[in-house]
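Here the structure comes first, spelled out in structure tokens, and everything after it is commentary.
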Amino acid sequence: MPVTDEAIEKIKSMIVTGELGPGDKLPKEADLAERLGLSRNSLREAVKALSLIHVLDVRQGDGTYVTTLEPNLLLDALAFMVDFHQDDSVLEFFEVRRILEPAATAMAATAMSDEDIAGLRAVLDELGEDPSVEVLVANDLEFHRRIAAGSGNTVLCSLIEGLSGSTARARIWRGLTQEGAVRRTREQHAAICDAIESRQPDVARAWATVHVAGVEEWLRSALGVPRSSS
């Protein structure tokens, strides 16, 4: 195992076993390197790598700390990774969205507070009669973000938010080239909001599936990618 990977595994082990918890400060570099049987250089590289994925927080002049390790922080790297995928690979992210978002929407129909549902409705009402594509995309992202958060599951919410980066480009493409996209999006969002407001998880799930699958099918057609027979 490369020495940097070994160093990462040893620090990870300290966190997983509870020796270091969220918010804890790591021992001084020299002491930790000696304790783990590592060179200071390999330890330094490991700390740098773990800080990039938000496991560690390096504070200049203060030391290195374990982060909160909350899902939204650790899954932030997902959004960075998916932004590199373009063209037909975007379809794979839509397929994942088609699995996750309906589930989150159904959960939101039972878990969202009345106040949060009112906020969701307000997002829809903010959209003017003739919004630009950019405004529509921003509104769409906020609508889905609120539903994901309303599911009450922070991991699910973070996964969905991480997928939004790559799918935003497809939303723009769809808005620019497909007739009726704005009208359909607004109608489907309203139906989803109505189902959540009336506490009908199965109906909410169905409308969310229709919404995401519709975008996916259009994109598949535009890219000339046939649906797998399996």
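Annotations
- Counting only Cβ charges, +1 for Lys and Arg and -1 for Asp and Glu, the dipole size of the chain around its Cα centre is about 380 debye.
- Counting only protein heavy atoms and a 1.4 Å probe, the chain has 54 square angstrom of accessible area per residue.
- Efficiency of FRET from Cβ geometry, residue 142 and residue 25, R₀ 25 Å, rounded to 0.05: 0.10
- Computed from label points 7 Å out along Cα-Cβ, the spacing between residue 40 and residue 217 is 6.3 nm.
- Only helical runs count toward this figure. For the chain, summing -39,500 (n - 2.57) over DSSP H runs of n ≥ 4 and dividing by all residues gives -23000 deg cm²/dmol at 222 nm.
- The chain: relative contact order in percent, alpha carbon pairs under 8 Å with at least 6 residues between: 23 percent
- Expressed per residue, the C-alpha convex hull volume of the chain stands at 174 Å³.
- Debye equation applied to the C-alpha atoms of segment 64-164, log10 I(q)/I(0) at 0.19, 0.21 Å⁻¹: -1.04, -1.16
- The slack between residue 197 and residue 70, meaning 0.36 nm per residue of separation minus the straight C-alpha distance, is 42.8 nm.
- Backbone phi angles across segment 48-53, fed through the Karplus curve with coefficients 6.51, -1.76 and 1.60 (θ = phi - 60°), yield HN-Hα couplings of 4, 5, 6, 6, 5, 9 Hz in residue order; Gly and Pro are listed as x.
- Summary of the geometry: segment 137-154 and segment 180-209, compared by the centres of their Cα atoms, lie 13 Å apart.
The values are calculated or read from the model by the stated rules, or taken from the named source; none is laboratory data. Fair warning: this is a prediction, and the values are worked out from it, not measured in the lab. Cβ coordinates were reconstructed from backbone atoms using ideal geometry, including for glycine residues, and neighbour counts include every protein chain displayed. For the accessible areas, the whole protein counts, side chains as well, though only heavy atoms, and no ligand, DNA or RNA atoms are used. Shrake-Rupley method; radii C 1.70, N 1.55, O 1.52, S 1.80 Å.
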